[in-house]
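K.L.:
Just dropping this structure here.
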Amino acid sequence: MLSILQAEWYKLRKSKILFIIFVGPLIGLFLGLTSNLSIDVAINEWYLSLFSMNLTYALLFLPLITGILASIICRYEHQAGGWKQLLALPVTRGKVFIAKYVILMLIVLAIQLLYLGAVYVVGMIKGITDPFPLEIVWKSIFGGWVATFPLVALQLWMSILFKSFAAPFTVNVIFTLPSILAVNSERFGPYYPWAQPFSMMYIGGNTDDIFFVPWDQLLTVVGGSFVLFFLGGYLYFQRKSV
Amino acid sequence: MEYVVKTKGLTKNFGKEKPVTGLDMKIPKGEVYGFLGPNGAGKTTTIRMLLGLMKPTTGTIHIFQKDLRKERVNILKRVGSLVENPSYYPHLTAYENLEALRKILGVPKKKIYEVLEIVRLSDVANKKVKGFSLGMKQRLGIAASLLNNPELLILDEPTNGLDPSGIIEIRQLIKRLPAEYGMTILISSHLLSEIDQMATTVGIVTNGKMIFQDSIEVMRMLSQQKISLKVNNSEQAWRSLLAKGIKADYKDDTVLLSEHSNKKIAEAVRTLVQDGFSIYRVEEEKRSLEDIFLQMTRGGKEG
Ligand SMILES: Nc1ncnc2c1ncn2[C@@H]1O[C@H](COP(=O)(O)OP(=O)(O)OP(=O)(O)O)[C@@H](O)[C@H]1O
Ligand SMILES: [Mg+2]
């Protein structure tokens, strides 16, 4: 398993992945520096900054980037018979699928951590003097990561299924855009998987739980859609003829 | 006999299309098995199934006497393969392509240089494969198939896209491998002349069915037809041979001998000379392997 992970990372690292990893945090940086959200309530200024950055980042960028990453990790397998060469090696398809998934999740985690760095840099530049709310920022960063589990699983499935770059991307956009509406809806918001990164990263949720989202919502919506999408992709890949 | 590859009733259906039907393939150890058939005969489909890239509709596959369904990974550790068009990662160099495979195969790094040298790609090892010619990609594919010192090498049309000197190099390589490393090789082609120069065993497939499977010698025997004798009085000569118990035919003013061992021919000639016939010509009417191949694939019956 370790050798498959190493091989996957080796192939991915030689594509333009590094550039993409830095796009997210840079967008965050840009959003943070250009926003001038101010309210007259005594609130930790870090929250304010995070709030303005999170909106675009968690609502649009994070879900969309999962799709792009998944496409890249499958693209070179589709291009020139990569699948048939890879799967004729002594590997099981299950392990290949898991390896690709694990690599994707680690990259999303790296992006989240860089985003955390961007939040900090914005604060420094703006000269925020309030204490850095470490716990809550972690909740938001780590929670946002957990919320991408099902999204990455679905996008990996779609990227294995479709040879083209555009098809899985379209699927992703179609599901991601409605989350702008969903987060404003009390009724649908909590149940829409693509809205979860935003909900999980949204400061001001219930801070007594581990994350900003109640446990039962996390388990049913994020956990449930993860199981569905992961198994769907896993089983599809087992049967795929190459 | 110990078979490295043995399939029983191997069948693949794609809806109505049946590219492989009831294929029984037997490859003895240490042989170069030429898998021959016209375009669309089902060679690549069979090879895909042998590698577990595609599941058979029905039938069984045993490689190294192990069931492919149960021990796929253990089997593939000992197999090297090249399927159809060369597979590669365009964004990587030749070296990096092999390194990505090597990490999974777990062989030492020096093996990469070794196989690059074998296929003469050492000079372009650090160039992106994207810019390679078809022949160079094909060589890279062959290098990849050799990376894990396989006991069974499966090559689907390996000389596709190679120039004449490349074809000769690969041919010599393929002939060398069984002797030097005890490898068994399955090589597919739609060109009989190519198989004829490398293979020791031949399997001919057409419309998904195996119509001939035996050693190349047996195949060559089929290509020897009859010995024809041109004699001053053919009909009488023929009768005279029959009277002495030598099998012969008479057609178009020539005598045709059915037996073609040297001894029998010498005996027939001696008999005729002793009986006072003048022998003008002794000829072997040879059908080329190509003719036999065409005849077999057209007829589609057991050769
Ligand atoms: N995935 C598929 N779906 C439907 N039909 C297929 C599929 N793959 C192969 N076929 C059909 O199976 C038949 C055999 O194809 P195959 O590629 O095995 O032939 P081949 O012997 O390798 O030919 P060639 O010498 O041209 O390489 C063809 O008629 C082809 O159209
Ligand atoms: Mg073929």
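K.L.:
Return the sequence-ordered ³J(HN,Hα) values of the stretch B:33-50 in whole Hz as given by the Karplus equation 6.51 cos²θ - 1.76 cosθ + 1.60 applied to θ = phi - 60°, using x for Gly and Pro.
P.N.:
Using θ = phi - 60°, the values come out as 9, x, 9, 10, x, x, 4, x, 6, x, 5, 5, 4, 4, 5, 4, 5, 4 Hz.
K.L.:
Sorting B:Lys18, B:Lys247 on the 10 Å Cβ count, fewest up front, what's the list?
P.N.:
Ordered by Cβ neighbours within 10 Å, fewest first: B:Lys247, B:Lys18.
K.L.:
Taking a threshold of 31 Å on the Cα-Cα distance, which of the pairs A:Lys16/B:Lys43; A:Lys84/B:Lys128; B:Lys70/B:Lys127; A:Lys100/B:Lys130 fall above it?
P.N.:
A:Lys16/B:Lys43; B:Lys70/B:Lys127, as the Cα separations exceed 31 Å there.
K.L.:
Let me ask another. Residue-wise, which Karplus ³J(HN,Hα) couplings in Hz belong to the stretch A:20-26, taking 6.51 cos²θ - 1.76 cosθ + 1.60, θ = phi - 60°, and x for glycine or proline?
P.N.:
5, 4, 7, 4, x, x, 5
K.L.:
In the protein assembly as shown, with Lys and Arg counted as +1 and Asp and Glu as -1 at Cβ, which of these residues, A:Val121, A:Leu218, B:Phe293, has the Cα nearest the positive end of the dipole, that is, farthest along it?
P.N.:
With unit charges placed on the Cβ atoms, the residue in question is B:Phe293.
K.L.:
About the Cα centre, and with charges only on the beta carbon of Lys, Arg (+1) and Asp, Glu (-1), how big is the dipole of chain B? Nearest 20 debye, please.
P.N.:
The calculated dipole for chain B is roughly 1160 debye.
K.L.:
What are the extents of the Cα atoms of chain A along their three principal axes, listed from largest to smallest and rounded to whole Å?
P.N.:
Taking the Cα atoms of chain A, the three principal extents are 63, 37, 30 Å.
K.L.:
Using a 10 Å cut-off on Cβ to Cβ distances, tally the other chain neighbours for every residue of B:135-144 and report the average as a whole number.
P.N.:
Counting Cβ atoms of other protein chains within 10 Å of each residue's Cβ and averaging gives 1.
K.L.:
For B:Val231, enumerate residues with amide H under 5 Å from its amide H, sequence gap 5+ or separate chain, H modeled in the peptide plane.
P.N.:
B:Val255, B:Tyr280
K.L.:
Using all C-alpha to C-alpha distances in chain B, build P(r) with 20 Å bins and read off the rounded percent in each one.
P.N.:
All Cα pairs, binned at 20 Å, distribute as 30, 44, 20, 6 percent.
K.L.:
Related question: For the stretch B:225-286, what percent of Cα pairs sit more than 13 Å apart?
P.N.:
When all Cα pairs of the stretch B:225-286 are counted, 54 percent exceed 13 Å.
K.L.:
A further question on this structure: Dividing the convex hull volume of the alpha carbon atoms of the stretch B:1-128 by its residue count, what do you get in Å³ per residue?
P.N.:
With only Cα atoms used, the stretch B:1-128 gives 145 Å³ per residue.
K.L.:
Got the relative contact order for the stretch B:225-286 handy, in percent, Cα pairs under 8 Å and 6 or more residues apart?
P.N.:
50
K.L.:
Let me ask something else about it. For the stretch A:127-178 and the stretch B:33-78, what is the separation of their C-alpha centers, rounded to whole Å?
P.N.:
40
K.L.:
Quick one: if you stick a label point 7 Å off each Cα along the C-beta vector at B:Asn74 and B:Glu235, how many nm between them?
P.N.:
Simple spin-label model gives 7.2 nm for this pair.
K.L.:
Additional query: Work out from phi, with θ = phi - 60° and the Karplus expression 6.51 cos²θ - 1.76 cosθ + 1.60, the ³J(HN,Hα) of each residue of the stretch A:153-159, listed in order in whole Hz, and give x for Gly and Pro.
P.N.:
Going residue by residue, I get 4, 5, 5, 5, 4, 4, 6 Hz, with x marking Gly and Pro.
K.L.:
Give, rounded to the nearest 20 debye, the magnitude of the charge dipole that the protein assembly as shown has about its Cα centre when Lys and Arg contribute +1 at Cβ and Asp and Glu contribute -1 at Cβ.
P.N.:
Computed charge dipole of the protein assembly as shown: roughly 1020 debye.
K.L.:
Further question on the same structure: Size of the protein assembly as shown along its principal axes in angstrom, Cα-based, largest extent first?
P.N.:
So the three principal-axis extents are 131, 48, 35 Å.
Bear in mind that the values in this text are calculations on the coordinates, not laboratory data. Source: prediction; values computed, not measured. Neighbour counts are summed over all protein chains in view; Cβ atoms, including those assigned to glycine, are modelled from backbone coordinates with ideal geometry.
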